[in-house]
Amino acid sequence: MTPGYRLTANAPLRDRNTFGVQASAPWLVEVDDASALGEVMALPQVAESESLVIGGGSNLLFAGDAPGAVIAMATHGLRVLSDDGEQARVRADAGVAWHPLVMWTLEQGLCGLENLALIPGTAGASPIQNIGAYGTEVGEFIAVVEALDRHAGAMVRLDRDACAFAYRDSVFKHQADRYLVTAVEFVLPRTPHLRLDYAGIREELGAMGISAPTAREVAEAVIRIRRRKLPDPAVVGNAGSFFKNPIVSQAQADALLVDYPTLPVFRGDAPHNRKLSAAWMIEACGWKGHRDGDAGVSAAHALVLVNHGQATGAALLGLARRIAESVHARFGVGIEPEPKIIGARW
């Protein structure tokens, strides 16, 4: 055992992706100390291959084996850096599990992340995808992302603007071969600004008998909704929502509403853009609950692809492609996957 990291040859990856598909890596490097990354990146097993950085494996589909070394951040530091009574700055190492992080911030009396409860994954993965749910995106609360700049061979600190956050997007996603996230710093308020007007949150709170909720109670409502709609990866392999909600022009959205008046349409990322419900379109195409062998679509939520047991990543990818093709054929709208696909092209 080398201080700061552990190296394993011919490593199985089934337990390191929430789809639970079989895959392997020629080398697995588990990093316990971010200061060891310089040494890790110089290892011939890493330097001479196309390396892949993973967190909790909840945003990956292995359609084949990893082509090179897999680096897993196993750093777990979590602390408050500063607190002026109105807001606090919290630092989380990349390996900190996301949902426990959200609940920990709420226990500290900090708000903002409550709508992001029960999302699988790690703190280090959160800015890459700019994870979002129920009207909130994590990028709103990120002050700094600390990362190893592999091009420069040095640690860097990127502020929110440099992160270039957009809908399920960031600079880390576009330059995946450059930045290896080591920690994230959040600025979280103590006074709640609750977002309740999205996807049944008010209704869930009403069912809980709550009319004036706290941030913690909003998180509990979100947890209840997610548990009802999304399968537990520990029971049925999945990566949560597989497809992004597509962004289209207002004109295209208006035209679709003429033929499909019940299609849910939301405000987009610009004044003249609109976000469409991918789940609604997929369900309208008849895919909800569909199953091809062990590869299927959840019967509870049309956005969720599931592994009923022994599905391969290639089978799940093939199903996803057919779904996207049918949505495009019917609605003229392209839908794209949220997870990173390893071993094949979309």
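Among what's in segment 284-309 and is in contact with a strand residue (DSSP E or B) (Cβ under 9 Å, 6 or more places away or on another chain) and of a type in the set (D, E, K, R), pick the residue that is nearest to P337 (Cα to Cα).
K288
Need a quick list: strands (runs of 3 or more DSSP E) entirely within segment 1-90 having at least 3 residues that are over 25 Å from the mean Cα position of the chain (by Cα) and not hydrophobic (A, V, I, L, M, F, W, C). Outline the logic, then answer.
Numbers: elements: 5-12, 24-31, 52-54, 60-62, 70-73, 78-83.
Fully inside segment 1-90 and qualifying: 5-12.
For S49, state whether it is loosely packed, with under 15 Cβ neighbours inside 10 Å and at negative phi. Spell out the reasoning first.
Working: loosely packed, with under 15 Cβ neighbours inside 10 Å: no; at negative phi: yes.
In short, no.
Counting only residues that are open to solvent by less than 50 Å² (accessible area, probe 1.4 Å), at pLDDT 95 or above and either closer than 12 Å to I128 by Cβ or of a type in the set (S, T, Y) (or both), how many does segment 166-199 have?
The total comes to 8.
Do any strands (runs of 3 or more DSSP E) lying entirely in segment 223-290 carry at least 1 residues that are touching a helix residue (DSSP H, G or I) at 6+ places or on another chain (Cβ under 8 Å) and among the acidic types (D, E), and which ones are they?
Hits in segment 223-290: none.
In segment 209-222, which residue that is outside any loop (DSSP other than H, G, I, E, B) and either touching a Pro at 6+ places or on another chain (Cβ under 7 Å) or of a type outside the set (D, E) (or both) is surrounded by the fewest Cβ atoms within 10 Å (Cβ to Cβ)?
The initial filter retains those residues of segment 209-222 that are outside any loop (DSSP other than H, G, I, E, B), namely 215-222.
Narrowing further to those that are either touching a Pro at 6+ places or on another chain (Cβ under 7 Å) or of a type outside the set (D, E) (or both): 215-216, 218-219, 221-222.
Numbers: A215: 23, R216: 16, V218: 25, A219: 23, A221: 26, V222: 25.
Checking each candidate, the answer is R216.
So which of D254, D269, D259 is open to solvent by 30 Å² or more (accessible area, probe 1.4 Å) and either of a type in the set (K, R) or touching a strand residue (DSSP E or B) at 6+ places or on another chain (Cβ under 8 Å) (or both)?
Numbers: D254 fails: either of a type in the set (K, R) or touching a strand residue (DSSP E or B) at 6+ places or on another chain (Cβ under 8 Å) (or both); D259 fails: either of a type in the set (K, R) or touching a strand residue (DSSP E or B) at 6+ places or on another chain (Cβ under 8 Å) (or both).
Just one listed residue meets the conditions, D269.
So is R330 open to solvent by 50 Å² or more (accessible area, probe 1.4 Å) and in a strand (DSSP E or B) or not?
no
Could you pull out the residue among V333, V304 that is aliphatic (A, V, I, L, M) and either closer than 21 Å to A133 by Cα or under 20 Å from the mean Cα position of the chain (by Cα) (or both)? Before the answer, list the steps.
On the way: V333 fails: either closer than 21 Å to A133 by Cα or under 20 Å from the mean Cα position of the chain (by Cα) (or both).
Of the residues listed, the single one that is aliphatic (A, V, I, L, M) and either closer than 21 Å to A133 by Cα or under 20 Å from the mean Cα position of the chain (by Cα) (or both) is V304.
Check segment 94-102 and report whether any residue there is over 24 Å from R227 (Cβ atoms) and either open to solvent by 10 Å² or more (accessible area, probe 1.4 Å) or touching a strand residue (DSSP E or B) at 6+ places or on another chain (Cβ under 8 Å) (or both).
Initially, segment 94-102 is screened for residues over 24 Å from R227 (Cβ atoms), giving 94-95.
Adding the requirement that they be either open to solvent by 10 Å² or more (accessible area, probe 1.4 Å) or touching a strand residue (DSSP E or B) at 6+ places or on another chain (Cβ under 8 Å) (or both) leaves 94-95.
So far as segment 94-102 goes, yes, one or more of its residues are over 24 Å from R227 (Cβ atoms) and either open to solvent by 10 Å² or more (accessible area, probe 1.4 Å) or touching a strand residue (DSSP E or B) at 6+ places or on another chain (Cβ under 8 Å) (or both).
Any residue in segment 297-311 that is free of Cβ contacts under 8 Å to residues at least 12 places away in the same chain sitting within a Cβ distance under 7 Å of a residue that is of a type outside the set (S, T, Y)? List the pairs, counting only those 6 or more apart or interchain.
A299/K288; A299/G289
Quick one: is Y167 within 30 Å of L276 (Cβ to Cβ), among the aromatic types (F, W, Y), touching a residue at least 12 places away in the same chain (Cβ under 8 Å) and in contact with an Asp or Glu (Cβ under 6 Å, 6 or more places away or on another chain)? Talk me through it step by step, then tell me what you get.
Details: within 30 Å of L276 (Cβ to Cβ): yes; among the aromatic types (F, W, Y): yes; touching a residue at least 12 places away in the same chain (Cβ under 8 Å): yes; in contact with an Asp or Glu (Cβ under 6 Å, 6 or more places away or on another chain): yes.
Considered against the rule, which asks whether it is within 30 Å of L276 (Cβ to Cβ), among the aromatic types (F, W, Y), touching a residue at least 12 places away in the same chain (Cβ under 8 Å) and in contact with an Asp or Glu (Cβ under 6 Å, 6 or more places away or on another chain), Y167 comes out as yes.
Given (1) touching a helix residue (DSSP H, G or I) at 6+ places or on another chain (Cβ under 9 Å); (2) open to solvent by 40 Å² or more (accessible area, probe 1.4 Å); (3) of a type in the set (D, E), identify the lone condition not met by E338.
Looking at each condition in turn, E338 falls short on (2).
The values are calculated or read from the model by the stated rules, or taken from the named source; none is laboratory data. Only a predicted model underlies this, so the values are computations on that prediction, with no experimental measurement involved. Because the Cβ atoms are built from the backbone with ideal geometry, glycine has one as well, and the counts that use them run over all protein chains shown. Ligands, DNA and RNA are stripped out before the accessible areas are found, and what is left, the full protein with its side chains, is counted by its heavy atoms. Shrake-Rupley method; radii C 1.70, N 1.55, O 1.52, S 1.80 Å.
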